Amino acid sequence: MTLFEQIDKDMIKALKGGDKLRLTVLRGLKSDLKYRRIDVGQDLTPEQEIEVLAGAAKKRRDSIEQFRLGGRDDLVQSETFELDVINSYLPKQLTEEELRQMAEAAIAEVGADSPKQMGPL
């Protein structure tokens, strides 16, 4: 099931459940995905769908930062809710520690012991 289809399905659940705030966020996401599909001229790949949602999440994070600076706690709360909904559709992000462990494992696997060995790999 594509993200578009999942969001559409969740919109119906939110509508039936009377969750107006979640429904509004999902409608916005569905609209963003439709616009991107029109721009591309074909159905979106899973990577393109994730790009659209990641862009929406970045907008929310930027808004949260600006609203905090402006002392608008009510809008911070609203944007945080929207960000949580968007993040529920995005793949889990690696923590810095997990990323560091993966890099160290890759370095150990190839036996690199200095930055000079980056080129040939």
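Report yes if R36 is open to solvent by 100 Å² or more (accessible area, probe 1.4 Å) and not small (G, A, S), otherwise no. Talk me through it step by step, then tell me what you get.
Numbers: open to solvent by 100 Å² or more (accessible area, probe 1.4 Å): no; not small (G, A, S): yes.
So R36 does not fit the description; no.
Within segment 3-17, which residues are over 21 Å from T80 (Cβ atoms) and without any contact (Cβ under 8 Å) to a residue 60 or more places away in the chain?
Once the filter is applied, which keeps residues that are over 21 Å from T80 (Cβ atoms) and without any contact (Cβ under 8 Å) to a residue 60 or more places away in the chain, segment 3-17 yields F4, E5, D8, K9, I12, K13, L15, K16.
Need pairs with beta-carbon distance below 7 Å; first residue touching a residue at least 12 places away in the same chain (Cβ under 8 Å) and under 16 Å from Q6 (Cβ atoms) and within segment 31-58, second among the β-branched types (V, I, T) and loosely packed, with under 13 Cβ neighbours inside 10 Å; sequence gap 6+ or separate chains.
Correct list of pairs: Q48/V40.
Could you grab me the full set of residues in segment 12-33 that are more than 15 Å from the chain's Cα centre (by Cα) and open to solvent by less than 30 Å² (accessible area, probe 1.4 Å)?
At the first step, the residues of segment 12-33 found to be more than 15 Å from the chain's Cα centre (by Cα) are 12-24, 27, 31.
Correct list: A14, L23.
The values are calculated or read from the model by the stated rules, or taken from the named source; none is laboratory data. Owing to the predicted nature of the structure, the values given are computational and were not obtained by experimental measurement. Because the Cβ atoms are built from the backbone with ideal geometry, glycine has one as well, and the counts that use them run over all protein chains shown. Just so you know, the surface numbers come from the protein's heavy atoms only, side chains and all, with ligands and any DNA or RNA stripped out. Shrake-Rupley method; radii C 1.70, N 1.55, O 1.52, S 1.80 Å.
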